[in-house]
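Read through the structure below, which is laid out as structure tokens, and then see the notes.
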Amino acid sequence: MFNNVNDFSAEAGPVAYPFKMVSDEVQQNMLGWNVPSEYQDLVHDHWRNFAAIDKFWHYCLALIYMILWISSVCGNGIVVWIFSTSKSLRSASNMFIVNLALFDMVMMIEMPHLIINSFYQKMIGYQVGCDIYATLGSISGIGAAISNAVIAYDRYKTISCPIDGRINKVQASILIAFTWFWTLPFTILPLLKVWGKFVPEGFLTTCSFDYFTDDEDTKVFVACIFVWSYCFPMALICIFYSKLFTAVRLHEKMLKEQAKKMNVKSLASNKEDAGKSVEIRIAKVAFTIFFLFVCAWTPYAIVTMIGAFGDRSLLTPHVTMIPAVFAKSVSCIDPWVYAINHPRYRAELQKRLPWMGVREPEPETQSSNASTTTQSQSAEA
């Protein structure tokens, strides 16, 4: 059995269509059999060691991505619509939520391509289609990762320094522009084949950067993109949320000590809402963000590092497709995690889309203001 078309041609001599001379058994039973001869160089030799994927798995993948696509369209579309058109939600912090939704929508754009590929059981468009698919995935994946870090920074500044530490809209716009520029190096370089390249992977219906070519240049590229798109955002998220936890704990401790000196039970407001202290609420949000980021991208990061530096025999087509699904699914979950717990967003959902069944009481700020006004009127009376 020949490892690739070039090996076959070298032994058989120059031929016009070398792929057509490969045995029917190889063509129909091995992965990549339906790729035309002129595009056979897209298929790495590693994938030729595996049998062609059964139609059942292609159709299952198409069904999964169709569900993810519908969920992403609805979730991120509603987030962008409501946050962009509601005056009460046009804050600097919410600009980062809209930006994350836009990155997730970029991921959404490539999903129909994969659904079509799954039905044809190959990459439609071959090199051009592969480049488009991988470019969208690179922008969305790297952009969402650095956006999570920016959101962590914003929440740290807003909560730890609520008076003079809040980010204004101009600063938010600069940070948002930074997140988009952050995606460019490891998107443009492999797209133009200056450093790295985009190739099919797994079932050969998706594309990503090349982490299989066994040379020093590819290994350095994989190590750099791993640090750039995974390690650096992960470190920033850990740093900012650690500082946030520390600031919140110091604040809570200060309130307790002051209350003890004044012989009162607590100085914190809204203590009727048991179990909803500032520390607990922030801890839940922070843990959810961190957990989603880790679950979505760690499996894929591990796959790429194994492909470049580890035992490649572990990377079967099915094994490599599971992390890819995880990475795509987070773009559907993000809008609910970042927005559905936002009281004013829920209030807007209740007002604009009542059929969703969202029920949200009046925001605490309004209730507090109303309570303060009532108390003042009572005192004057």
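The values are calculated or read from the model by the stated rules, or taken from the named source; none is laboratory data. Please read all numbers here as calculations on a predicted model, not as lab measurements. Cβ placement follows ideal geometry from the backbone for every residue including glycine, while neighbour counts extend to all protein chains displayed.
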Query raised in the report: Hey, among the residues in the range 103-114 that are buried (at least 20 other Cβ atoms within 10 Å of the Cβ) and of a type in the set (A, V, I, L, M), which one's farthest from Ile82 (Cα to Cα)?
Result: Leu114
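Condition check ((1) surrounded by 19 or more Cβ atoms within 10 Å (Cβ to Cβ); (2) of a type in the set (Ser, Thr, Tyr); (3) in a helix (DSSP H, G or I); (4) at pLDDT 90 or above) across all residues:
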{"residue": "Trp33", "(1), (2), (3), (4)": "yes, no, no, no"}
{"residue": "Trp47", "(1), (2), (3), (4)": "yes, no, yes, yes"}
{"residue": "Trp57", "(1), (2), (3), (4)": "no, no, yes, yes"}
{"residue": "Leu63", "(1), (2), (3), (4)": "no, no, yes, yes"}
{"residue": "Leu68", "(1), (2), (3), (4)": "yes, no, yes, yes"}
{"residue": "Ser84", "(1), (2), (3), (4)": "no, yes, yes, no"}
Requested in this report: Kindly provide the set of residues from the range 242-273 that are closer than 30 Å to Tyr300 by Cβ and at pLDDT below 85, ordered by number.
Outcome: Leu244, Phe245
Requested in this report: Please find, within the range 298-319, the residue that is farthest from Tyr133 (Cα to Cα) out of those that are of a type in the set (A, V, I, L, M, F, W, C), touching a residue at least 60 places away in the same chain (Cβ under 8 Å) and surrounded by fewer than 17 Cβ atoms within 10 Å (Cβ to Cβ).
Outcome: Phe309
Query raised in the report: Considering Tyr156, Tyr126, which residue is touching a helix residue (DSSP H, G or I) at 6+ places or on another chain (Cβ under 6 Å), under 30 Å from Asp210 (Cα atoms) and among the aromatic types (Phe, Trp, Tyr)?
Result: Tyr126
Requested in this report: For the range 320-341, state whether one or more residues are surrounded by 11 or more Cβ atoms within 10 Å (Cβ to Cβ), modelled with pLDDT of 65 or more and not in a helix (DSSP H, G or I).
Outcome: yes
Report task. Taking only the range 76-100 into account, find how many residues are more than 26 Å from Cys161 (Cα to Cα) and touching a Ser or Thr at 6+ places or on another chain (Cβ under 9 Å). Result -> 1
Query - Options Val170, Val150: the member that is in a helix (DSSP H, G or I), free of Cβ contacts under 8 Å to residues at least 40 places away in the same chain and out of contact with any Asp or Glu (no Cβ under 9 Å at 6 or more places or on another chain) - result: Val170
Query raised in the report: Which residues, counting only those in the range 321-353, are in contact (Cβ under 8 Å) with a residue 24 or more places away in the chain and touching an Asp or Glu at 6+ places or on another chain (Cβ under 6 Å)?
Result: Ser331, Asp334
Report summary line: Going through (1) in a helix (DSSP H, G or I); (2) surrounded by 14 or more Cβ atoms within 10 Å (Cβ to Cβ) one by one, Phe203 fails only at (1)
